[in-house]
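For reference, the structure discussed in these notes is given below.
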Amino acid sequence: MSATAVLARVLCILCMYGALAELPKARFEYKLSFKGPHLVQRDNSIPFWEYSGDALAGDEGIRITPSLRSKKGSVWSKNPLVSQNWLLEVAVRVTGRGRIGADGMAIWFTSQKGTEGSVFGSSDQWNGLGVFLDSFDNDNQHNNPYIMAVVNDGTMSFDHNSDGSSQQLGGCLRDFRNKPFPVRVRIEYYKQALTVMVNNGLSNKPDDFELCMRAVNVILPPSGYLGVSAATGGLADDHDVLYFITHTLHEPGAETAKVSEEERRKFEAEFNQYYKDLERAKEDYQKENPDKAFDPYDLPQDKYFESESQRELKQIFDGQMSIHDTVRELSRKLDELLGRQELVLAKVSSIPVGQIPAAQQGSVPQQQQQLYVDTIKRHEVDRVLNSQTEVLQNLRDLRAIVNDVQARTSALQTSGGGGQGANVNQQMALHEIKDRLNAVSNDVSLLTKRPQPPANAAECPPPTAGSCVTQVVFFVSMAIQMTLLIGYMVYRSGVVRSSGGHVDPIVRLDAAAVAGIVSMLWLRRTASFACEMTAILGIPASNQRRGLP
């Protein structure tokens, strides 16, 4: 391959990436859209749309088919969509009492309006695009409910026996029946690239979509009618369409059509007239039904206050939803990047080898030089591996955060049952200390209430030979008692230091009781020695104090 051809391809890729970096501009098409409430006019018609078959229009949406057997219905736009690039968003609800539903519904973009037929309530051999929400498994492959896109040029008949598996551009397995929120389908056709994204109906967030399929080099008619159809068979479901929103897409920097001053005034007059009619209807209803009139200030108080647990749980759930939205946004951007990469590769592969686009010929140098193609380096491989390691570490951290949040949630939900064991133990310890103190108080009261000797009672007997101890025995006894007391105090100090300064209240109570008993024995022994000391020292009996008996 010559250097000129390689350089031309590189410049072409750079130009494509620069063009794809900016998102297209969207312009709302009100004549090709409908949305409740107050969808139906007084004559049961829908502005700029028409419905037929078994379809029923209401204030909130259109029921294409009721849950009855062998019913077909459809709704089509009166005006065609004339644009090469467009975006559709359709909210549907499919509900049924059975575990399996039938047959399904379809979203159309065709060159001609469809009539009642065999393809999900519309005619076969259409010219354009059909996005099918197939509920029933005709081929027994256990791959339904299924969403797929089929393009037809007006010559192909839809294969019901195989559920169109060989005719589809792509699809995804999604259960769209009996969901808490409406299932939303977003169809984008931009620069011959078709993208179908689906909301699974488990949340009502506006940008919560998953990529269903993407195809490039898809050729569709330059203009077509928009429609929705549905059909039931031996099994039946309610097929409802809540809104159908249409936008035309324009390249960045392109001038879009502007509304003229005359149309703007017309729209403002219509809006003011509708607003006045609405206010007049509200006043008439309040006059006719005064008991049913709504007071905006008469609201239940529980809507304004919430408990602390509810607030914390709400914060936790909001955090989880933000994490979920971040992961979904990351997945969506990755899918979009892969799709754009496929589009660029398809564009590059369509350029013949050696051919230079006309826009790039002026930028190619006239002299061809030798171009050396370099391969990937070792440090680049290491950088890619390090990036993958960082991504894995971030995912682990995210998982740890989610587990921590779940643990906190469980602890919060089960709060109130725990945390009482410590209080019970403290109460038991306090009761035991109180019992010990009562026992000591009773002992002291018994000692104080013991009968005292009368005033004329005999005093200490005079010392007799061999009945009183000598001075040596007395002082030795005193020394032994002091030694025991000091040893006990040293032992108590060691227990306090070994426990880090914290001693159980029961242990402190026992130590106090032991100290009291030792002191009482020491006083009793000292009193018994008092009489002997008086005899030894020769103190008169009138100066003696009474001792304990």
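Dipole orientation for the stretch 28-250: of the candidates Q168, P221, Y190, Y190 has the Cα lying most toward the positive pole (charges on Cβ; Lys, Arg +1; Asp, Glu -1).
Counted residue by residue at 0.36 nm each, then reduced by the alpha carbon distance between them, the extension gain from Q125 to Y285 reaches 52.6 nm. Working note: Karplus 6.51/-1.76/1.60 with θ = phi - 60° gives the stretch 325-340 the couplings 5, 5, 5, 5, 5, 5, 5, 5, 5, 5, 4, 5, 5, 5, x, 5 Hz, where Gly and Pro are set to x. Here the Karplus curve 6.51 cos²θ - 1.76 cosθ + 1.60, taken at θ = phi - 60°, turns the phi angles of the stretch 311-322 into couplings of 5, 5, 5, 5, 5, 5, 5, 5, x, 5, 5, 5 Hz, with x standing for Gly and Pro.
Its Kirkwood hydrodynamic radius, worked out from the mean inverse distance over all distinct Cα pairs, puts the stretch 96-154 at 12.2 Å. Measuring with a 1.4 angstrom probe and ignoring ligands and nucleic acids, E279 comes out at about 60 Å² accessible.
Check A231: other-chain or 5+ apart residues with amide H under 5 Å from its amide H, H built from backbone geometry? Answer set, sorted by chain and number: D103, G104. Lysine pair count for the stretch 28-250 with Cα-Cα distance under 17 Å and sequence separation of 8 or more or different chains is 6. Between T95 and D139, the simple spin-label model (points 7 angstrom out along Cα→Cβ) gives 3.2 nm.
Surface composition of the stretch 28-250: carbon plus sulfur atoms contribute 48% of the solvent-accessible area (1.4 Å probe, protein chains only, all chains present).
Extension gain, L337-H431: 0.36 nm per intervening residue step, less the Cα-Cα distance, totals 26.7 nm. Sequentially through the stretch 84-99, phi angles give Karplus couplings (6.51, -1.76, 1.60; θ = phi - 60°) of 7, 9, 7, 9, 10, 9, 10, 9, 10, 9, 10, 10, x, 7, x, 6 Hz, Gly and Pro residues having no value and appearing as x. Between D59 and L392, the FRET efficiency from the beta-carbon distance, with R0 = 56 Å, is close to 0.60. The length gained by stretching the chain between F28 and R328 to full extension, at 0.36 nm per residue less their Cα-Cα distance, is 105.4 nm. Per residue, the accessible area of the stretch 28-250 comes to 43 Å², computed with a 1.4 Å probe over protein heavy atoms only. Once the cut-off is 33 Å, how many percent of the Cα-Cα pairs in the stretch 28-250 end up in the long-distance tail? That fraction is 7 percent. Relative to the Cα centre, the charge distribution of the stretch 28-250, modelled as +1 at Lys and Arg Cβ and -1 at Asp and Glu Cβ, gives a dipole magnitude of about 380 debye.
Each Cα pair under 8 Å and six or more residues apart adds its sequence gap; the mean of these over the residue count of the stretch 28-250 is a relative contact order of 34 percent. Close amide-amide hydrogen proximity is noted between H160 and no other residue 5 or more places distant or on a separate chain, at a cut-off under 5 Å (H modeled in the peptide plane; Pro and chain starts excluded).
The values are calculated or read from the model by the stated rules, or taken from the named source; none is laboratory data. This structure is a prediction, so every number in the text was calculated from the model and none was measured. We place every Cβ from the backbone using ideal geometry, glycine too, and count neighbours over all the protein chains shown. Calculation scope for accessible area: heavy atoms of the full protein, side chains included, ligands and nucleic acids excluded. Shrake-Rupley method; radii C 1.70, N 1.55, O 1.52, S 1.80 Å.
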